[in-house]
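The structure appears right after this line, and notes come after that.
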Amino acid sequence: MYIVLLGAPGAGKGTQAAMLAEKTGLAQVASGDLFRKALKEETELGKIAKQYMEKGQLVPDEITIKMVLERLGKPDCTKGALLDGFPRNLEQAKALDNALAEQSKAIDKVINIKVSEAEVIKRLSRRWICGVCQAPYHETDAPPKVAGKCDRCGGELYQRADDKPETVQERLKVYEKETLPLIQYYKKSGKLVEVVSEGGPKAVHQKIMAALN
Ligand code: AMP
């Protein structure tokens with residue numbers, strides 16, 4: 001089963017993908033996490049990605065598609081995956097469809113998590129991420145049990161450099177221009193379900209489960 005999570009930055013794709021991963025046993029494949037790992041390890045890929053990430057722009061398709069398809073080829077993805085942050089434009093969506101079709105596979109569902117721009121800015125300005133397992137927290141809405149430490153793995157929490165207001169504005173612009181057209185693309189294929197991101201992560205998770213069932 002292949003499920004794609006769509007939504008603006010801060011919509012809660014990562015949180016929902018992690019909850020779905022726990023429930024379904026499917027691997028969570030988050031392109032942003034893969035880039036952040038490469039950046040931390042200072043690999044060639046990380047060095048290239050950094051230039052785009054710090055401006056809030058998309059890393060070129062050629063690099064991104066190769067990285068994600070390689071990840072989908074790993075043993076933990078044989079039964080499918082939860083795609084979080086990929087595809088982000090039509091080029092990537094078509095590349096994913098083609099790669100899956102070559103293996104007689106296809107995307108089963110696309111979940112569009114809807115959130116207002118004001119809510120995105122509120123969420124991202126107070127978001128903290130675990131440097132080890134990438135679990136997200138929010139200063140007031142979803143704080144960790146111990147300040148600065150991840151509940152799941154005890155890792156140190158940090159604020160993403162691209163969550164600063166100027167970069168968030170750019171990421172939102174990129175989202176509207178590049179990613180929004182994917183909603184029509186998946187609507188046409190009858191795979192799209194839409195869920196409003198409100199009421200907290202658990203409520204959104206229940207709405208997603210209901211939509212998937
Ligand atoms: P995210 O964690 O999904 O918000 O991604 C953080 C940053 O990584 C984005 O702002 C982009 O610079 C880059 N990135 C993540 N996913 C993609 C993608 N599918 N295509 C291009 N760039 C991406």
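Any read-out appearing in this document is the output of simple, stated calculations on the displayed coordinates, not a laboratory observation. Values in this document were obtained by computation on a predicted structure and should not be read as measured data. Counting neighbours? That spans all protein chains shown, and the Cβs are built from the backbone with ideal geometry, glycine included.
Dipole magnitude for the chain: about 380 debye, using +1 per Lys or Arg Cβ and -1 per Asp or Glu Cβ, origin at the Cα centre.
Computed from label points 7 Å out along Cα-Cβ, the spacing between K149 and K74 is 2.7 nm. Cα to Cα, under 27 Å, and not fewer than 8 places away if on the same chain: which lysines meet these conditions relative to K79? Once the sequence-local lysines are set aside, what remains near K79 is K13, K23, K37, K66, K94, K105, K109, K187, K188, K191, K202, K207.
Computed from the Cβ-Cβ distance with R0 of 25 Å, the FRET efficiency linking I63 to Q169 stands at 0.55. Of the DSSP beta bridges with both residues in the chain, give the percent that are antiparallel, rounding to the nearest 5. That works out to approximately 30 percent antiparallel. FRET efficiency for the pair Q184 and K37, taken as 1/(1 + (r/R0)^6) with r the Cβ-Cβ distance and R0 = 22 Å, rounds to 0.10. Between the residues I121, L83, A142, the greatest Cα displacement towards the positive end of the dipole of the stretch 1-160, with unit charges on the Cβ of Lys, Arg, Asp and Glu, is found for A142. Projected over all directions and averaged, the alpha-carbon convex hull of the stretch 129-213 occupies 7.4 nm². Only Lys, Arg, Asp and Glu carry charge here, each on its Cβ (+1 for the first two, -1 for the last two); on that basis the stretch 131-210 has a dipole of about 380 debye about its Cα centre. Each stretch of four or more DSSP H residues adds -39500 (n - 2.57); spread over every residue of the chain, this sum gives -13500 deg cm²/dmol at 222 nm. For W128, the residues whose modelled amide H falls within less than 5 Å of its own, excluding neighbours fewer than 5 places apart on the same chain, are Y137, H138, E139. Normalised radius of gyration (Cα atoms, divided by 2.2 N^0.38 Å) for the chain: 0.96. A Förster radius of 41 Å, combined with the Cβ-Cβ distance separating R126 from E102, puts the computed FRET efficiency at roughly 0.45. Comparing Q184, Q92, Q103, which has the greatest mean-square fluctuation in the GNM of the chain with Cα pairs linked when under 10 Å apart? Answer for the Gaussian network model of the chain: Q103. Screening the chain for DSSP H helices whose Cα atoms reach 15 Å or more along their own axis and whose mean Kyte hydropathy is at least -1.0 gives 13-24, 61-72, 90-102, 201-212.
Across all directions, the average flat footprint of the convex hull enclosing the Cα atoms of the stretch 77-180 is 8.2 nm². Loop-located trypsin sites (Lys or Arg not before Pro) across the stretch 49-146 with a Cβ neighbour count of 13 or fewer within 10 Å are K79, K145, with loop assigned by DSSP.
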